[in-house]
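Encoded as structure tokens, the structure appears first; notes follow it.
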Amino acid sequence: MNHIQGSLIYEGKAKRIFSSEDPNRVLIEFKNDATAFNAKKRSEIDGKGRLNCRISGALFKLLEANGIPTHFLELHSETIMFADKVNVIPLEVVIRNIATGSLCRETPINHGTILNPPLLDFYYKDDQLGDPILTERRLKLLDLINASQKEEVEEITESVNKILKEYFDSLDLILVDFKLEFGFNSLGKIVVADEISPDNCRFWDKKNSDPQDRILDKDRFRQDLGGVIDAYEEIFKRIENFSSNAS
Ligand code: TMP
Ligand code: ASP
């Protein structure tokens, strides 16, 4: 059942948010649209919405089971989930276990360097400004979160990283890095929002040492490597196999 009765509240690059009968709950529809480089590169990838919705649902459930507050409530259908209505904080919180991507473009750190402790950075979420990285002082100046909320966001991000890193390791996947977004729910509590999928995480296949073939995330789209949907399918398949073995 893919029919949504509520009205469209917001449309982003990869998702649409609809109202539901409950004012504190929304429906999030995952689209097939893919963008990169702040939407300068665009495409539509058949099946991506379904895979990202189901992967995110499974990962949010895993986090909730480990005591992490998230906006996720339940899946509604293959491409739609119910979530708490939140006021999204316009920050992208990126945590990296291995250096790649913008860290290697912007610093002399070599691709593949293991980052221990993991590196956590805040970016300001604004495509027009190119999602700029924030210094501690600029983050304070923007006043989007206070000092204790910043600490809370950092602690949650680090815990999510520990949980997901260990989980993906058991699926023979290396969690290279990922981006989280946070929001305030109706009680004013900070929760993990948005999605957790190959669109906003980097995964390398432990079973493959080829530097391109092992990539199982949106870098396949960003770098025109092909096989984008096969990579997302592979992530979903490993998550599903894990769940069916566990039950
Ligand atoms: P980066 O190396 O390009 O800064 O990306 C770090 C991580 O954040 C990577 O897992 C991809 C994810 N990401 C997003 O989810 N949205 C974005 O807009 C960007 C730039 C990165
Ligand atoms: N999410 C960003 C965009 O839509 C960039 C990225 O994921 O690389 O353009």
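Quick notes
- Number of positions in the range 198-222 that are surrounded by 13 or more Cβ atoms within 10 Å (Cβ to Cβ), away from ligand 2 (no atom under 11 Å from the Cβ) and of a type outside the set (D, E, K, R): 5
- Residue that is most open to solvent (accessible area, probe 1.4 Å) [pool: residues in the range 32-48 that are away from ligand 1 (no atom under 16 Å from the Cβ) and in contact (Cβ under 8 Å) with a residue 24 or more places away in the chain]: ASP46
- Residue in the range 193-216 that is of a type in the set (Val, Ile, Thr) and under 30 Å from ASP22 (Cα atoms) present: yes
- Residue in the range 140-155 that is open to solvent by less than 30 Å² (accessible area, probe 1.4 Å) and within 17 Å of LEU59 (Cα to Cα) present: no
- There is no residue in the range 17-31 that is within 27 Å of ASP219 (Cα to Cα), within 16 Å of ligand 2 (Cβ to nearest atom) and open to solvent by 70 Å² or more (accessible area, probe 1.4 Å).
- Scanning the range 101-121 for residues that are away from ligand 2 (no atom under 16 Å from the Cβ) and either under 13 Å from GLU158 (Cα atoms) or assigned to a strand (DSSP E or B) (or both) turns up ILE114, LEU115, ASN116, PRO117, PRO118, LEU119, LEU120.
- Residue check, PRO108 open to solvent by 40 Å² or more (accessible area, probe 1.4 Å) and within 21 Å of the chain's Cα centre (by Cα): no
- Qualifying residue in the range 62-72 (condition: within 16 Å of ligand 2 (Cβ to nearest atom) and open to solvent by less than 50 Å² (accessible area, probe 1.4 Å)): no
- In the range 80-100, the residues that are assigned to a loop (DSSP other than H, G, I, E, B), surrounded by fewer than 22 Cβ atoms within 10 Å (Cβ to Cβ) and not small (Gly, Ala, Ser): LYS85, ILE89, PRO90, THR100
The values are calculated or read from the model by the stated rules, or taken from the named source; none is laboratory data. Please read all numbers here as calculations on a predicted model, not as lab measurements. Here Cβ is always computed from backbone atoms with ideal geometry, including for glycine, and neighbour counts include all displayed protein chains. Just so you know, the surface numbers come from the protein's heavy atoms only, side chains and all, with ligands and any DNA or RNA stripped out. Shrake-Rupley method; radii C 1.70, N 1.55, O 1.52, S 1.80 Å.
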